[in-house]
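Notes to accompany the following structure.
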Amino acid sequence: MKIMEEIRKSLKEIVKSLISEKKVEYVLGFEEGTLPLKSVPFYIEKEEDIDRLIWNEYCNLNLVKFLLEEPHGKKIGIILKTCEIRSLIVLINEKQINREDIIIIGVPCSYGIIDFNKVSKLLGGKEFSEFTKHGNDYIFKGVDFEKTIKLQDILSDSCVYCKDKKPIEYDYLVKAPNEFKNIKEEDFDEYLDVIEFEKKTPKERWAYFKKELEKCTLCMACRNACPLCYCKTCFIDQNQPQWFDKTDDLSEKMLFHMTRAIHLAGRCTGCEACTRACPEGIDIHLLYKKLRKMTKDRWNVDKIGLGEPSVMGSYKMDDPQEFMVKED
Amino acid sequence: MSLNKGENTMVDTEKSEKIQVMIADENWEPKIIAFLCNWCSYAGADLAGVSRIQYPPNVRVVRVPCSGRIDPLFILKSLQVGWDAVLVSGCHPGDCHYISGNYYARRKFSVLDDLLEFIGIDKGRVNFSWVSAAEGEAFAQIIRKVTERTRKLGPNKIFKEER
C-alpha cells in the first residue's frame, strides 16, 4: 500500500532526527523477520540502521513490553499505535515507566494488523513460503497450494471492532495522508462480538470456553506477550502457597485464564497481543473484551487516560451491588 | 453412578436426570465454604450461635481480616478443589473496620461474578453478602438461602469433574 510507504518515510525522518540529535539512546521499532510476513522488534541505535525500519500490517507485537526491561532514566523512543499507547499509559499510571523517559512516536492505525492464527486456520495449517498482495487481497503460496485471502478475514479481532484509530498521547505524530477508517464501513457497536456471545445459553457459552481452553498447553505465551503482565513472580509460578499443580488438567487452565483475566480487569486496553501470540490459536480475546465492556457498563469507565485512577484501585460509594445475596 | 466427561457441566435449569439419581444415590449434602470478615460477618455468625438460631450445618467458615482480603483466586481455587459453593461476607458498605476495604472488594466481586456468568457457570455457585455483627438472624437466613440454592444446583462438577 502506498500509504504505508508514506508513513514509513515520515517515520524514518522522525527517527533520524531523534538519533542524530541524540535525544534518545535508541528507538524501538520493527524490522523484517527471516520468514515472509514476519516482523521482529528492532532497536535502532545508529543512523545507518534506519533503512531497515519497516511499518506495515504485520508489525503485530506490542512493543511496550520491551520498555519494562529498561532502567528508569534511560531515554527511549518508541513507535506505537493507539491501543499500544493506551497500554503504555496504564504502565505510566502504575508507576512502572516514567513518562519523561519515553518519546512516543504515534502512528494512526490503518485497517489494523494481521492475526496469523487466522491465516493458518484459513490455510488449513499449511505453511506458506511466499506472499504477494493486490490491494486488499493477499495471495499465499506454499509448496503445493496457492490461496487468495481477503484482508478483512485475517485482521485481528481487536482491529475489526476498533474505533480508536487516532493516537491519544504522543510526542511526535506521523501524519497519515487520509483519515483512516475501520474496515467495517457502516456504523457498528464496538462490543458487538461480546453482545452476540452473551445471547447464547450458559451451556453453549461453557461449551465454547471448554473447547477453546482445552487446547491450552499453559505455555505462558499470552502472559509473556502482554505488556500489563509484569509481576516479578506470577501467581502461577508461586510455590508458597502453590496455587497450581503442574498438570494438564482443564481446571488448571480455567483457573489460570480466569485469574489472569481478573488481574487485567480495568487495565486491559485491547491490543490483543495475547490472542495473536497464542501458538494454539485459542480465541481468548472474548474474556478480556467482556471485562472492558463490563467496566464501561458498571462503573462508566471506558478507557483510562493519563493520570486517571485505576478502575480496581478506586471506588464509588454507590457502586451497583445487585448481585449481593440478601436475607428474605 | 459415574458421569460422562463433557456432559452436564453447569446448567441449573436443565439439570440432567443423572445428577438427580446421583444425589439420591449418595445422600449428597452440599458443602459450602464461607469467607467471613473478622469484624462483622464472623461476629454475626457468632451472634447466631450464641442466640441459638438454627441454620444448616453445611457451611465451613474461614475467618479473614476483611472482605478486601479475599483474592478472587481463593474463590476460584475453592471451586476447583470441589467445594459446592462459596460464600463471601463482609461489613455493610460504610461500616468497614479498615474504612474502605469492602468498597474495593465489591468491585472485585462484581468482576468475578460477571466473568463466571459469562463463561457459563451458573449463578449461585459464588455468593456475596453483607452481614453486620448485630445480624445473627440475617446470617442464618443467608446460610439457609445459599444452602437451598446449592442443593438445587447439585454437586459441583465445574472443575472437579476434570480432576
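The values are calculated or read from the model by the stated rules, or taken from the named source; none is laboratory data. For clarity, every value in this text was computed on a predicted model and none was experimentally measured. So basically every Cβ, Gly included, is an ideal-geometry build from the backbone, and we count neighbours across all protein chains shown. We work out accessible area using only protein heavy atoms, side chains counted, and drop any ligands, DNA or RNA first. Shrake-Rupley method; radii C 1.70, N 1.55, O 1.52, S 1.80 Å.
Of all residues in region B:119-132, none satisfies being facing chain A (nearest Cβ under 7 Å), open to solvent by less than 10 Å² (accessible area, probe 1.4 Å), of a type in the set (Ser, Thr, Tyr) and more than 19 Å from B:Asn58 (Cα to Cα). Taken over region A:64-90, the criterion of being touching a Leu at 6+ places or on another chain (Cβ under 7 Å), surrounded by 21 or more Cβ atoms within 10 Å (Cβ to Cβ) and not hydroxyl-bearing (Ser, Thr, Tyr) is satisfied by A:Val64, A:Gly77, A:Ile78, A:Ile79, A:Leu80, A:Glu84, A:Leu88, A:Ile89, A:Val90. Can you tell me which residues in region A:290-302 are more than 11 Å from chain B (Cβ to nearest Cβ) and surrounded by fewer than 17 Cβ atoms within 10 Å (Cβ to Cβ)? A:Lys296, A:Asn300, A:Asp302, listed by residue number. If you take the residues of region A:173-200 that are more than 21 Å from A:Met4 (Cβ to Cβ) and not charged (D, E, K, R), which of them is surrounded by the most Cβ atoms within 10 Å (Cβ to Cβ)? Residue satisfying both the conditions and the ranking: A:Val194. Restrict the check to region A:41-55 and report whether at least one residue is in a loop (DSSP other than H, G, I, E, B) and aliphatic (A, V, I, L, M). No: zero hits.
Among the numbered criteria (1) within 26 Å of A:Arg205 (Cβ to Cβ); (2) at pLDDT below 95, which one does B:Asp25 miss? Only one criterion in (1) within 26 Å of A:Arg205 (Cβ to Cβ); (2) at pLDDT below 95 is unmet by B:Asp25, namely (1). Between A:Ser20, A:Ser39, the distinction of being at pLDDT 90 or above, farther than 23 Å from A:Cys229 by Cβ and among the polar types (S, T, N, Q) belongs to A:Ser20 only. Looking only at region B:133-144, count how many residues are more than 8 Å from chain A (Cβ to nearest Cβ) and open to solvent by 10 Å² or more (accessible area, probe 1.4 Å). Adding up the residues that qualify gives 3. Being of a type in the set (Ser, Thr, Tyr), surrounded by 12 or more Cβ atoms within 10 Å (Cβ to Cβ) and modelled with pLDDT under 90 holds for only one residue in A:Tyr170, A:Tyr161, and it is A:Tyr161.
Scanning region A:171-200 for residues that are within 14 Å of chain B (Cβ to nearest Cβ) and either of a type in the set (Asp, Glu) or not in a loop (DSSP other than H, G, I, E, B) (or both) yields A:Asp193, A:Val194, A:Ile195, A:Glu196, A:Phe197, A:Glu198. Taken together, the residues in region B:145-163 that are part of a helix (DSSP H, G or I), closer than 30 Å to A:Glu214 by Cα and more than 9 Å from chain A (Cβ to nearest Cβ) amount to 4. When region A:201-232 is filtered for residues that are surrounded by fewer than 17 Cβ atoms within 10 Å (Cβ to Cβ), farther than 20 Å from A:Glu280 by Cα and within 14 Å of another protein chain (Cβ to nearest Cβ), the ones remaining, listed by number, are A:Thr201, A:Lys203, A:Glu204, A:Cys231.
The residues listed here are A:Glu186, A:Glu198; of these, the one that is under 24 Å from A:Ser158 (Cα atoms), modelled with pLDDT under 90 and acidic (Asp, Glu) is A:Glu186.
Counting just the residues of region B:59-107 that are among the basic types (Lys, Arg) and touching a residue at least 12 places away in the same chain (Cβ under 8 Å), which one comes out surrounded by the fewest Cβ atoms within 10 Å (Cβ to Cβ)? Checking each candidate, the answer is B:Arg60. Within region B:103-139, the set of residues being in a helix (DSSP H, G or I) and among the aromatic types (Phe, Trp, Tyr) comprises B:Tyr103, B:Tyr104, B:Phe109, B:Phe118, B:Phe139. Across region A:42-52, not a single residue is classified as in the same structural domain as A:Ala225 (by TED's automatic domain parsing), buried (at least 18 other Cβ atoms within 10 Å of the Cβ), under 21 Å from A:Asp171 (Cβ atoms) and under 11 Å from the mean Cα position of the chain (by Cα).
Looking only at residues that are under 19 Å from B:Asp113 (Cα atoms) and in contact with a helix residue (DSSP H, G or I) (Cβ under 7 Å, 6 or more places away or on another chain) in region A:303-315, which one is most open to solvent (accessible area, probe 1.4 Å)?
By that ranking, first place goes to A:Tyr315.
Among the residues making up region B:84-118, those that are of a type in the set (A, V, I, L, M, F, W, C), at the interface with chain A (Cβ under 9 Å from one of its Cβ atoms) and out of contact with any Gly (no Cβ under 9 Å at 6 or more places or on another chain) are B:Leu87, B:Phe109, B:Leu112, B:Leu115, B:Leu116, B:Phe118. In this structure, is B:Ser78 within 7 Å of chain A (Cβ to nearest Cβ) and part of a helix (DSSP H, G or I)? For B:Ser78, the condition - within 7 Å of chain A (Cβ to nearest Cβ) and part of a helix (DSSP H, G or I) - is not met.
Candidates are the residues of region A:267-286 that are under 25 Å from A:Lys166 (Cα atoms) and open to solvent by less than 20 Å² (accessible area, probe 1.4 Å); the one that is nearest to the other protein chains (Cβ to nearest Cβ) is A:Leu286.
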